[in-house]
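Data block below; observations after.
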Amino acid sequence: MNTSQSVPTLGTHPTAGSNPGRAETRGLLAHATYDLLVIGGGILGTSVAWHAAQSGLRVAMVDAGDFAGATSSASSKLVHGGLRYLQTGAVKLVAENHHERRVLAKDVAPHLVNPLTFYLPVYKGGPHGATKLGAGVFAYSALSAFGDGVGRVITPAKAAADNPALRTENLKAVAVYGDHQMNDSRMAVMTVRAAVESGAVVLNHAEVTGLRFTRGRVTGADLKDRIDGTEFGVNARLVLNATGPWVDHLRKMEDSGAAPSIRLSKGAHLVLKRKSPWRAAMATPIDKYRITFALPWEDQLLLGTTDEEYTGDPADVRVTEADIQQILDEAAFSVQDTDLDRDLMTYAFAGLRVLPGGPGGVESAKRETVVTEGRGGMLSVAGGKWTTYRHIGRTVMNKLEKLPGGTLAEETVPVKELVRRTPLPGISNPDAVAHRLLVDREPGVRMDPLTARHLATHYGSLSFDIARLVNEDPALGERIHPDGPEIWAQVVYARDHEWAETVDDVARRRTTLTIRGLDSEDVRGRIEELLAKR
C-alpha cells in the first residue's frame with residue numbers, strides 16, 4: 001500500500017441530501033405508529049419494505065446488523081433461471097425465474113446486473129453426457145425465449161481458448177448457456193435506497209430486544225442501537241419477521257412454545273486472484289445433483305459453493321479448513337492447479353440458506369419461500385433467492401392485503417396496481433456513465449478509467465454524485481489502494497448516503513476492498529477516521 005497517502009479532509013460535515021442521522025431516525029421511529037414494521041434488512045425484508053412503501057403504507061425497517069450484512073451478502077452473486085431445476089421437472093419455475101432475471105437485467109437494474117456466459121464441461125466418466133447437457137442447455141435457453149442466445153455444445157479447443165485455465169484432460173465437450181450476475185451487497189443497498197425514496201424509514205445496527213403486545217397481538221418492538229447503546233421502540237399495526245437464519249429466534253419472542261419452522265444450510269465461497277483471462281463462468285457437475293462454480297467476479301475468481309446442514313449460532317458461521325479444501329478439490333475437476341494456488345486467496349465467506357423444515361438432507365430441500373402467521377399475529381417470512389426477490393416482496397404484500405379484518409387492505413394500493421418494473425436508483429447505461437465520468441470533469445481533476453468503469457457498474461448515474469465530491473476535493477479521487485479501483489470519495493458517500501456505520505459496512509459491503517484483500521490495517525484505520533467525521 002502507498003503509505004504516503006494522506007487522509008482526505010472532506011467529510012467533516014455531511015454532504016447535501018445526506019441521510020438523516022441516527023438520532024433523528026430513532027426519533028422518527030419512536031414517535032409514530034407505522035402500518036408495517038419490517039424486522040430484518042436482507043433481501044426479503046428490504047423487498048417487502050420497498051413494495052409496501054410504494055403501495056402507500058407507512059413503513060419502518062430495522063436490522064440488528066448492517067443491511068444485507070449476513071446471508072444476503074454471502075450468495076454466489078448469481079441472477080439465474082436455475083438450470084439444475086430442469087432435472088426435477090420444474091419447467092414452470094425455471095421459466096418464471098428467467099422472466100424475473102431478464103426484467104432485473106433490462107428494466108430494473110441494468111447498471112447492476114451483468115450478462116455472463118456459462119461453460120458446463122463434460123468429462124469422461126462424469127455424471128452427465130454431452131447429449132443430455134446439450135439438450136438441457138437448449139431447453140434452458142428456450143425457456144428464456146433465447147434472450148441470451150441458443151444453448152449449445154462447443155468443442156474443448158474453443159472453450160480452452162476462452163478460458164485458458166480450463167482443465168482439458170479427458171474433456172469431451174462443453175455445453176454453453178447464459179445467465180447474469182451481480183454484486184449482491186450493492187443490489188441490496190440500492191434496494192434499501194429505493195424503499196427510502198418511496199417513504200420508508202430505515203435503521204441498521206438496531207437490535208430487537210423484545211416485542212410489544214396489545215391485547216395479545218404483536219404491535220411493535222423494543223430496540224437497542226448497537227452503535228451508541230440508545231434504547232427506543234417502534235409501534236406498528238403489523239410486524240413482519242424477515243430475520244433470515246434468526247427467524248425462529250424472533251418467533252419464540254412472540255410465542256415461547258413456537259416449534260422450529262426452518263433449517264439451515266451453510267454455503268461457503270472462496271475468492272482468489274485471477275492468473276489468466278476468464279471469458280466465461282464454469283459450472284462443473286460434481287455429481288448427479290450438485291454443481292460447483294468458478295465465476296469471474298469483481299476482477300477476481302469466485303469459487304463455491306458448499307451445501308451442508310448447519311445447527312450452530314447463525315452469528316458464528318465461518319469458513320473452515322474443511323470448506324476450503326472441499327471447494328478447491330471440487331474446483332480442480334475443471335480448473336488447472338496453477339489457478340487454484342492457496343497463495344491466490346484474498347477472501348473467504350460463508351452464508352446460511354434458510355430452508356423449510358422437513359425430512360431428508362439439506363441438499364435436496366426445496367428452495368422455497370415460507371410465510372407463516374404466529375399466535376400474536378406477527379408474519380414470518382423465510383427462504384427465497386436473489387433472482388426472485390421482487391416477486392417475493394409482491395407475494396408477501398398480497399398476503400398482507402388478505403389479512404382478516406382488513407388490517408391493512410383498506411389503505412393499501414393493490415399490488416397488481418404497483419409498477420412491476422420500477423427501476424432501482426441510478427438506472428442507466430454503464431458505458432454511457434463511464435464515458436461521461438471521463439470527459440465531464442473539472443480542469444485538473446483526473447478520473448482513472450478503471451475507477452470510472454467501477455463506479456458506473458456499482459452506482460449507475462449516482463456515480464456523478466461521487467464525481468462531484470472529487471471535483472470539490474481532488475484528494476477524494478485518490479485510490480484507496482493502488483491495486484483496486486475504489487477511491488476515497490466512495491467512503492464519504494457510503495457514510496452520508498448509504499447508511500455505512502462501521503468499517504466492515506464500507507470495506508465489505510459498500511466497496512470491494514475486503515473481497516480483493518485490500519482492507520489492510522492502515523486502510524481500515526483511514527476509513528474509520530472518515531466515518532468518525534460524520
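The values are calculated or read from the model by the stated rules, or taken from the named source; none is laboratory data. No experiment lies behind these values; they were computed from the predicted model shown. With ideal geometry, Cβ positions are generated from the backbone for all residues, glycine too; neighbour counts draw on all protein chains shown.
Computed quantities for the displayed model
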| item | result |
| --- | --- |
| Flag for ARG441 being assigned to a loop (DSSP other than H, G, I, E, B) and more than 22 Å from the chain's Cα centre (by Cα) | yes |
| Residue check, SER72 among the small types (Gly, Ala, Ser), in a helix (DSSP H, G or I) and within 14 Å of ALA194 (Cα to Cα) | no |
| Some residue of segment 296-303 being buried (at least 23 other Cβ atoms within 10 Å of the Cβ), assigned by TED's automatic domain parsing to the domain that holds GLY41 and in contact with a strand residue (DSSP E or B) (Cβ under 8 Å, 6 or more places away or on another chain) | no |
| Test: residue in segment 286-295 that is in a loop (DSSP other than H, G, I, E, B) and buried (at least 20 other Cβ atoms within 10 Å of the Cβ) | no |
| Selected residue (criterion: nearest to THR117 (Cα to Cα)) from residues of segment 132-183 that are of a type in the set (Asp, Glu) and modelled with pLDDT under 95 | ASP148 |
| Given (1) farther than 28 Å from GLY426 by Cβ; (2) crowded, with 19+ Cβ neighbours inside 10 Å; (3) among the aromatic types (Phe, Trp, Tyr), number of the condition PHE118 does not satisfy | (1) |
| Residue tally, condition crowded, with 23+ Cβ neighbours inside 10 Å and in contact with a Ser or Thr (Cβ under 7 Å, 6 or more places away or on another chain), over segment 450-468 | 3 |
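Listed here are the residues, each with its yes/no results for (1) surrounded by fewer than 21 Cβ atoms within 10 Å (Cβ to Cβ); (2) in contact (Cβ under 8 Å) with a residue 60 or more places away in the chain.
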| residue | (1), (2) |
| --- | --- |
| ASP35 | yes, yes |
| GLY40 | no, yes |
| LEU44 | no, yes |
| ALA64 | no, yes |
| THR71 | no, yes |
| SER75 | no, yes |
| GLY81 | no, yes |
| TYR85 | yes, no |
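So that you can scan it fast, the table gives a plain yes or no per residue for (1) in a helix (DSSP H, G or I); (2) touching a residue at least 60 places away in the same chain (Cβ under 8 Å); (3) not assigned by TED's automatic domain parsing to the domain that holds ALA64:
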site: ALA507; (1), (2), (3): yes, no, yes
site: ILE515; (1), (2), (3): no, yes, yes
site: ASP522; (1), (2), (3): yes, yes, yes
site: ILE527; (1), (2), (3): yes, no, yes
